[in-house]
């Protein structure tokens, strides 16, 4: 049996390269994927790539929802829509999404002893980028993750994070690679593997962790 058989996984920011790759990995592990984003055409394209369980009559086992996750009303409508179809939520993956969405989904995750994986990425390389600023932002993200994890641990809800560095398939030299001990940027696959691991029962005793996918930059002193 696959690790996410019959689990419902909501992925915000699904209309990104990381979102698409993450959805494909969850779907191959037999998850029911809810693709959330603002680009409806791209969401539909990704939806068609996912393996479908054809034993579900007509509707398929995945779902797309066009939603602005910065709007509390739209978040509530999205969650109600998901519950109407599946009756439960097991995992929430937030890709470059503000943490406010947590309060709306946590009551459902308490019921399923589910978990949240927050993902932050360095989506571009500003001209003034430096490693100290990177460490500062990563530590801020770690502190938020630890606070949320401790707040919800007694309910059996795990909350972890993935702090990806620069994620790209472009191998040309840049400031990030110049600092990176492994000498390359992360790919969407690198990040998706970490997300799926933290969301799975393989990580059942892990909460409050911010896992850096940055080729060793986090190991360097500022």
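Just so it is clear, none of the values below were taken in a lab; they were calculated from the coordinates. What you see is a predicted model; the values in this text were computed from it and never measured. Every residue, glycine as well, gets a Cβ built from its backbone with ideal geometry; the counts of neighbours run over all protein chains shown.
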Checklist entry - What is the spread of the Cα atoms of the stretch 153-201 along each of their three principal axes, largest first, in whole Å? => result 46, 18, 13
Checklist outcome for this item: Nearest 10, in degrees from 0 to 90: the angle of helix 102-112 to the longest Cα principal axis of the chain is 60 degrees
Checklist entry - Over the alpha carbons of the stretch 67-176, what is the largest minus smallest coordinate on each principal axis, giving the biggest first in Å? => result 48, 29, 22
Item to check | 0 to 90° range, to nearest 10: angle between helix 188-199 axis and the chain longest Cα axis | outcome: 60 degrees
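As a footprinting exposure proxy, order 106, 144 by other Cβ within 10 Å, with the fewest listed first.
In increasing order of surrounding Cβ atoms, one gets 144, 106.
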Item to check | Paired Rg and Dmax values of the chain, which use every Cα atom, in angstrom | outcome: 17.2, 56
Next on the checklist: If I fit a long axis through the Cα atoms of helix 40-49 and take the longest principal axis of the Cα atoms of the chain, what angle between them do I get, 0 to 90°, rounded to 10?
Outcome noted: 80 degrees
Checklist entry - Given only helices, namely DSSP H runs of n ≥ 4 each adding -39500 (n - 2.57), what is the per-residue ellipticity at 222 nm of the chain, to the nearest 500 deg cm²/dmol? => result -12500 deg cm²/dmol
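As a footprinting exposure proxy, order 180, 33 by other Cβ within 10 Å, with the fewest listed first. Can you show the working numbers first?
Working: 180 20, 33 30.
Neighbour counts put them in this order, fewest first: 180, 33.
Taking the beta-carbon count within 10 Å as an exposure proxy, list 42, 166 from fewest neighbours to most. Let's see the in-between values first.
Details: 42 17, 166 23.
Listed from fewest to most nearby Cβ atoms, that is 42, 166.
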